[in-house]
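Read-outs: derived from the displayed coordinates by stated rules, not from any lab. Quick caveat, the model's predicted, so the values are computed rather than measured. Please note: Cβ atoms are built from the backbone with ideal geometry, for glycine as well, and neighbour counts cover all protein chains shown.
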Amino acid sequence: PDTGNCEELYECPMCSLTCTNIQILEEHVDLHLEEHNFSEGIDLELAQQLQTEEDERQRSEEEKREREEFKKLQRQYGLDNSGGFKQQFLKNMEREVDRGRMQPFEYHKRKADMMESLASGIDDGKTKTSGVIEALCKYYQNENKDVKRVWLSAGVDHFHSSLGDRGWGCGYRNFQMLLSSLLQNSSYNDCLRDTTLIPSIPKIQSMIEDAWREGFDPHGASHFNNRLHGSKAWIGACEIYSLLTSLRIKCQIIDFHKPTGPMGTHPRLFEWILHYYSIDNEGGAKVVCTSKPPIYLQHQGHSRTVVGIEEKKNKSLCLLLFDPGCSSQQMQKLLKQNSDGTGLKLLRKFVGSLKEKQYQIVAVDGVLSLEEKAARCRASQVLTSERIP
């Protein structure tokens, strides 16, 4: 056949279109490439937009979680403006009446007593148990089973949480316990002459605010927005230290910031407390009723009062603690201690029982001069605790 008149054909590599002219084919392929680049640009822009929207969504969810967590912490630590001791006391009494556990006449009587206590600034004493230390002295004199020696603090009253401070008042109740001991010691008469009776919890809140206004612990004060009164704010070792020092009571915070024994235990804490009670009370007596005030003991979420320490015949140590969570009914049983000592389970804590990550104690040791108080106020603005390595 005659092929002289046949045209050369060119096929598009992208769509198989056949062209008779190489220039036409090049223009056609360029169109493919432009269309592809345009499509890629759209895809990239869309991907960037989707990523931006996802980032914004995640950021919004994170901010929401942070706000909810912050509100949760505010509620947990009593900083949510939901009222304080008075409001909680009345609310809980109303709940008791609604459930039939309290008669209306009792509600009105207890409300009147509570209002009188708030007006005077004096604790009503309804959660107080006295005489436990004296009962323990008698018990240990006759105990001959496994206690080699025991050191007890000076007399101290136990105070437990009430309808008004249940869930948040342990720090205040432990301060009341410590103060009850100091008020029985004539060495502190001068610095406590304006505090001759145990203050109520709202009064203690005002006293801490007074300490802040003097300049104690500005960092801690800012955590509470410089306000405690009328709130359910938890307090800890720093607030106790500031309040005591503002009263010219010499004390120190010791920070046991990590375990010092196996399985997360704190033997150094026990050794420090043993030294505190025994340093001025050496001798052969089995029961040592010291003149030492009790010790404020703090860990995350709770605080208690150390009122003594046992040394067992096997050399192990055991703390004796007053817990604000124990009721008057439980503490009253200790006044009639059985010879077998079973009631002491309420107080005893061995090394293996205290396994929080960190503990702080506030220990009292004398009276400050005005100059020493001023110096400690300045120091508290920088550092308020000593760490045990």
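Applying both filters, DSSP loop and at most 10 other Cβ atoms within 10 Å, to the GluC sites (Glu not before Pro) of the range 254-322 gives Glu282. Remark: spin-label model distance Ala135-Ala374 equals 4.8 nm, labels positioned 7 Å along the Cα→Cβ axis.
Listed cross-link partners Lys250/Lys357; Lys138/Lys313; Lys286/Lys333; Lys109/Lys349 are compared with a 30 Å cut-off, the Cα-Cα value being larger for Lys109/Lys349. Relative contact order for the chain: 21 percent, from Cα pairs under 8 Å spaced at least 6 residues apart, divided by residue count.
Once you have the Cα-Cα distance between Leu9 and Gln49, take 0.36 nm times their residue separation minus that, and quote the gain in nm to one decimal. Let's see the in-between values first.
Working: separation 40, 0.36 × 40 = 14.40 nm, distance 4.46 nm.
Once the chain is fully extended between Leu9 and Gln49, it gains 9.9 nm.
In this simple spin-label model, placing a label point 7 Å from the Cα along the Cα-to-Cβ direction at both Leu335 and Ser16 gives a separation of 10.4 nm. The angle between the Cα long axis of helix 104-120 and the longest principal axis of the Cα atoms of the chain comes to about 90 degrees, rounded to the nearest 10. If the segment from Ile122 to His275 were pulled out straight at 0.36 nm per residue, it would be longer than the present Cα-Cα gap by 51.6 nm.
Against the chain, whose longest principal axis is taken from its Cα atoms, helix 170-182 shows a tilt of about 30°. Can you figure out the FRET efficiency of Arg101 with Thr342, using R₀ = 35 Å and their beta-carbon distance, to the nearest 0.05? After rounding to 0.05, the efficiency reads 0.75.
Charges were assigned to the Cβ only: +1 to each Lys and Arg, -1 to each Asp and Glu. The resulting dipole of the range 112-241 about its Cα centre is roughly 420 debye.
A convex hull fitted around the alpha carbon atoms of the range 121-262 yields 163 Å³ per residue.
Ratio of Rg to Rh for the chain, alpha carbon only, Kirkwood?
Numbers: Rg = 35.2 Å, Rh = 25.5 Å.
Ratio of gyration radius to Kirkwood radius: 1.38.
Helix 85-98 and the longest principal axis of the C-alpha atoms of the chain enclose an angle of approximately 90°. With 5 Å bins beginning at zero, the pair-distance distribution over Cα atoms of the range 279-332 amounts to 4, 14, 20, 23, 19, 12, 6, 1 %.
Fully extending the segment from Ser353 to Arg59, taken as 0.36 nm per residue of separation minus the present Cα-Cα distance, adds 101.6 nm.
Overall shape of the range 201-254 was characterised from the C-alpha gyration tensor. The equivalent ellipsoid obtained from it has semi-axes of 17, 12, 11 Å, in decreasing order. Counting only DSSP H runs of at least 4 residues, each contributing -39500 (n - 2.57), and dividing by the residue count of the chain, the helix-based mean residue ellipticity at 222 nm comes to -14500 deg cm²/dmol.
Once each of the trypsin sites (Lys or Arg not before Pro) sitting in a DSSP loop with at most 16 other beta-carbon atoms within 10 Å is removed, the chain keeps 1-98 as its longest stretch.
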